[in-house]
């Protein structure tokens, strides 16, 4: 796919540049088993791969945990999401390496010097570990801890655009290229008035690339 080089890029993280999904869901299944007092991994995987979850895939981690707990009839303690995050953080450093990136992304950052923002619902501890592997760091980071409302709310992308405007004024919304992999992410960027939005990997909308080797900026 050939696109005109934008003035700025807004890039989602999980699923768009990183293959984190299996890692996160493994930790979530373990956490739910802990809350249930028994192994629920088989039932969890059935729900994970079922049509009901496909309709909501991409919602925040806390909402995802609540969704699965409701489907599996598992009562959650008040600190359920904090305990799940502890599991994610505890093993992430060991799990993370260059092979975890979506194919071609690291090379993409080396080929093009377009400034970019990471716009993600992920927390800073995980983001800081990812930054160690990037050939150049983002000019802006909007994390899940920076906004009161997560995707599909437009707030993450509204915040990113405001910060980008402060660095590159004037910056029109059609001079920003967005990369996302989920419908909540698409809705978030779209509601913030941003377009075009390129899908990475999932092809839930067009235009879509399966990996970062497929895009050329001219």
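Just so you know, all these numbers are worked out from the coordinates, no wet-lab data involved. All of these numbers come straight from a predicted model, not from anything done at the bench. Every residue, glycine as well, gets a Cβ built from its backbone with ideal geometry; the counts of neighbours run over all protein chains shown.
Details
- Relative to its residue count, segment 103-217 spans a Cα convex hull of 102 Å³ per residue.
- The angle between the Cα long axis of helix 61-71 and the main principal axis of the chain comes to about 40°, on a 0 to 90 degree scale.
- Helical contribution to [θ] at 222 nm, DSSP H n ≥ 4, -39,500 (n - 2.57), averaged over the chain, rounded to 500: -12500 deg cm²/dmol
- FRET efficiency, 1/(1 + (r/R0)^6) with R0 30 Å, evaluated for residue 136 and residue 89 via beta carbons: 0.75
- Over segment 79-210, Cα pairs under 8 Å with separation of 6+ residues give a relative contact order of 16 percent.
- Ratio Rg/Rh [Cα only; Rh per Kirkwood] for segment 62-161: 1.02
- A convex hull fitted to the Cα coordinates of segment 21-95 yields 86 cubic angstrom per residue.
- Note on 8, 81: ascending count of other Cβ atoms within 10 Å places them as 81, 8, the fewest first.
- Within a Gaussian network of the chain (alpha carbon springs, distance under 10 Å), most fluctuating of 153, 34, 190: 34
- Residue among 22, 187, 103 with the largest mean-square fluctuation in a Gaussian network model of the chain, springs linking Cα atoms under 10 Å: 22
- The angle between the Cα long axis of helix 21-36 and the longest principal axis of the Cα atoms of the chain comes to about 30 degrees, rounded to the nearest 10.
- Ordered from longest to shortest, the equivalent ellipsoid semi-axes for the chain are 31, 17, 17 Å, each the square root of 5 times a Cα gyration tensor eigenvalue.
- Cα gyration tensor shape for segment 140-190, rounded if a/c is under 1.5, else prolate or oblate: oblate
- Of 91, 29, 58, the one that fluctuates the most in a GNM where the chain has Cα springs shorter than 10 Å: 91
- Placing a label point 7 Å from the Cα of residue 98 along the Cα-to-Cβ line, the residues of segment 115-149 whose backbone N sits under 12 Å from it are 133-135.
- Helix axis angle, 80-95 relative to the chain longest principal axis, alpha carbon, degrees: 60
- Rounded if a/c under 1.5, otherwise prolate or oblate - segment 149-218, Cα gyration tensor axes: oblate
- Residue-span extension gain [residue 66 to residue 5] - 0.36 nm each, minus C-alpha spacing: 18.0 nm
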